[in-house]
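The values are calculated or read from the model by the stated rules, or taken from the named source; none is laboratory data. Here the structure is a predicted model, which is why all the values come from computation and not from measurement. In this analysis, Cβ positions are derived from the backbone assuming ideal geometry, glycine residues included, and neighbour counts consider all displayed protein chains. For accessibility, only protein heavy atoms count, side chains too; no ligands or nucleic acids. Shrake-Rupley method; radii C 1.70, N 1.55, O 1.52, S 1.80 Å.
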Amino acid sequence: MINENFSNKKILVTGATSGIGLGISRMLNEYKAQLTISGRNQTKLNKISNEFELSNLNFNKGILADVCNLEDISNLVQEIDTLDGLVLNAGIIDYTPAKLITEKKVIDLFYTNVFSNFFLVQKLLHSKKIKKGASIVIISSIAAKVGVPGTSIYAASKGALNSYAKVLASELSLQNIRVNVVSPGVVKTDLIENTNVTSDFQMSNLSTKYPLGLGEIIDIVYLVQFLLSENSKWMTGSNIDIDGGYLLNN
Amino acid sequence: MIKENVFLDQFRLLFDETDPSLITLDTKFKDLEEWNSLIILSLIVLCEDEFKIIISPNQIQNSKTVCDLIESLESNLK
């Protein structure tokens, strides 16, 4: 039986102002979680925080934080209470063939997708702000498991995240803190649709590679909901592909 | 304003197997044997990173020669 009572849970979602992060936040808000969201776009964050405050008395707050900025991460950690759940979702996508990657692209991408999570979790652990029995969910990508041309640094960043999660799960199991990874295939999000390259060049052919068609944000949200809930209490260190069957043929 | 020779030099670098001398401003680039989807992606990234111009795949599709491509790119600057 699915236990959907999040009202007594303090949960932080990063990258919460768009795409999958926003979908997860909306779900948690609907279930009256004591939710804190973070994002780097002030306008979006204010709009969503206002919306959540009106519909959920338990809503905690929206915190403006660029996860690439160590000071922002420190402030974020200072401002939150001890967590029952953490969703590490902040990330960017890049489509650059290996021949054309630049130092700036690599640094930006790895800082946002990988290093920011290292530092956020480190500071949370150091401040003892993750409760025993908490659940950490990391949003990765099936890109790390296949060889789609143009995704070298993005795929490498998600691969790094996958390895990190495995070790983190091992270290935190002693405190009964669970760490699981969700690896989605392509879902229709603003991030994907606004990427010039994907929207025109790849999207047209992309849906044919997914036996069940392209995913929707809600498909990912349900899985994250499960992983944050007590129903997944025996799961840690898992990396779950959710891809409409993409990996069956690739 | 895009300098034709600068663009042409960069465009040639996208190809690994094609003799650079075969690629001129009048070359119908999509007829080149090596033309493929990775080069299309590389061209899009090149335009964005080196020339700060967002080019759509349709613009590439609608251009026949390298010269057409430059004209199409310049139309994005207006």
### Query
Are any residues in segment A:34-56 under 21 Å from A:Leu120 (Cα atoms) and in contact (Cβ under 8 Å) with a residue 24 or more places away in the chain, and if so, which ones?
A:Gln34, A:Leu35, A:Thr36, A:Ile37, A:Ser38, A:Gly39, A:Arg40, A:Asn41, A:Leu45
### Message
Just to verify a result, which residue in segment B:1-20, among those that are touching a Lys or Arg at 6+ places or on another chain (Cβ under 9 Å) and either in a helix (DSSP H, G or I) or away from every other protein chain (no Cβ under 13 Å) (or both), is most open to solvent (accessible area, probe 1.4 Å)?
### Response
B:Leu13
### Task
Tally the residues that are within 27 Å of A:Leu206 (Cα to Cα) and open to solvent by 20 Å² or more (accessible area, probe 1.4 Å), restricting the search to segment A:164-191.
4
### Query
What is the number of the single condition among (1) in contact with a helix residue (DSSP H, G or I) (Cβ under 9 Å, 6 or more places away or on another chain); (2) without any contact (Cβ under 8 Å) to a residue 24 or more places away in the chain; (3) of a type outside the set (S, T, N, Q) that B:Lys64 does not meet?
(2)
### Selection count where residues are farther than 13 Å from A:Thr14 by Cα and in contact with a helix residue (DSSP H, G or I) (Cβ under 9 Å, 6 or more places away or on another chain), scope segment A:35-56
6
### Query
What about A:Lys44, is it touching a strand residue (DSSP E or B) at 6+ places or on another chain (Cβ under 7 Å) and either open to solvent by 10 Å² or more (accessible area, probe 1.4 Å) or on the phi < 0 side of the Ramachandran plot (or both)?
no
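Out of segment A:89-115, which residues are of a type in the set (Ser, Thr, Tyr) and either facing chain B (nearest Cβ under 9 Å) or without any contact (Cβ under 8 Å) to a residue 24 or more places away in the chain (or both)?
Answer for segment A:89-115, where residues must be of a type in the set (Ser, Thr, Tyr) and either facing chain B (nearest Cβ under 9 Å) or without any contact (Cβ under 8 Å) to a residue 24 or more places away in the chain (or both): A:Tyr95, A:Thr96, A:Thr102.
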### Query
B:Leu69 versus (1) under 25 Å from A:Tyr95 (Cα atoms); (2) over 12 Å from the mean Cα position of the chain (by Cα): which is the lone unmet condition?
(2)
### Query
Which helices (runs of 4 or more DSSP H) sit wholly inside segment A:1-96 and have at least 1 residues that are over 24 Å from A:Pro184 (Cβ atoms)?
A:42-55, A:70-79
#### Entry: Matching residues, segment B:36-78, being within 14 Å of another protein chain (Cβ to nearest Cβ), open to solvent by less than 60 Å² (accessible area, probe 1.4 Å) and in a loop (DSSP other than H, G, I, E, B)
B:Ile53, B:Ile55, B:Ser56
#### Entry: Enumeration of residues in segment A:204-215 that are open to solvent by less than 30 Å² (accessible area, probe 1.4 Å) and either at pLDDT below 75 or hydroxyl-bearing (Ser, Thr, Tyr) (or both)
A:Tyr210
### Query
Residue check, A:Leu227 against (1) of a type outside the set (S, T, N, Q); (2) in contact with a helix residue (DSSP H, G or I) (Cβ under 9 Å, 6 or more places away or on another chain); (3) at pLDDT 95 or above, all met but one. Which one?
(2)
### Summary
The correct count of residues that are among the small types (Gly, Ala, Ser) and out of contact with any Gly (no Cβ under 8 Å at 6 or more places or on another chain) in segment A:215-232 is 2
